[in-house]
Amino acid sequence: MIMAIVEFPTYPDPVTGKEIPIGSEARGSIAKTRTYQMTTVTIDGDMQNRRRVQQQKAYHAPVQPDSEAQLACRQDFRGGMAAWGALSPEEKEIWNALARLEYENRGDNPGTYRVRSGCNLFMSDYLLTY
């Protein structure tokens with residue numbers, strides 16, 4: 001679905017249906033009715049002539065296909081989160097300490113490393129083993 005470029009974003013009045021201007025810029029979705037975003041477009045295909053524009057479109061509800069593989073992955077994730085919740089505070093602190101140690105030993109390229117919590121580290125290990 002292509003988003004229309006608009007000068008000023010509007011929102012439909014729920015009673016009258018009349019379009020109400022909501023300002024010069026809007027981002028995100030409002031009441032699951034309309035989605036707004038800012039983007040950069042080129043004019044005549046020339047990268048030197050670019051401008052920021054406001055786009056708006058009708059809200060699109062994401063579809064959950066619920067395939068067998070997706071349901072299995074969700075079940076594995078639920079099991080991992082239940083296992084994390086069943087850990088004692090001392091065990092959780094061990095995982096948090098491992099995550100801090102992993103961050104401290106991140107190597108020569110620290111700019112590309114993402115910090116993980118103990119829960120993230122636990123889930124990564126859990127999902128790789130089950």
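Is there any pair with a first residue in segment 110-130 that is modelled with pLDDT of 95 or more and a second that is outside any helix (DSSP H, G or I) whose Cβ atoms are under 8 Å apart and which are 6 or more apart or on different chains, and what are they?
PHE122/LEU87
Between a residue in segment 47-64 that is part of a loop (DSSP other than H, G, I, E, B) and any residue that is of a type outside the set (D, E, K, R) and surrounded by fewer than 10 Cβ atoms within 10 Å (Cβ to Cβ), which pairs come within a Cβ distance under 7 Å, given they are 6 or more apart or on different chains?
So the pair list comes out as HIS60/MET1.
Would you point out which residue out of GLY45, GLY107 is more than 23 Å from the chain's Cα centre (by Cα), in the same structural domain as VAL15 (by TED's automatic domain parsing) and modelled with pLDDT under 90?
Just one listed residue meets the conditions, GLY45.
Going by what's in this entry, would GLN56 be described as within 30 Å of PHE8 (Cβ to Cβ) and loosely packed, with under 10 Cβ neighbours inside 10 Å?
So GLN56 does not fit the description; no.
Give the residues of segment 65-109 that are exposed (fewer than 10 other Cβ atoms within 10 Å of the Cβ) and not in a helix (DSSP H, G or I), sorted by residue number.
Hits for segment 65-109 are PRO65, ASP66, SER67, SER88, ASN105, GLY107, ASP108, ASN109.
The values are calculated or read from the model by the stated rules, or taken from the named source; none is laboratory data. Every value quoted in this text rests on a predicted model; they were computed, and no experiment measured them. When we count neighbours, we look across all protein chains shown, and the Cβ atoms used for this are built from the backbone with ideal geometry, even at glycine.
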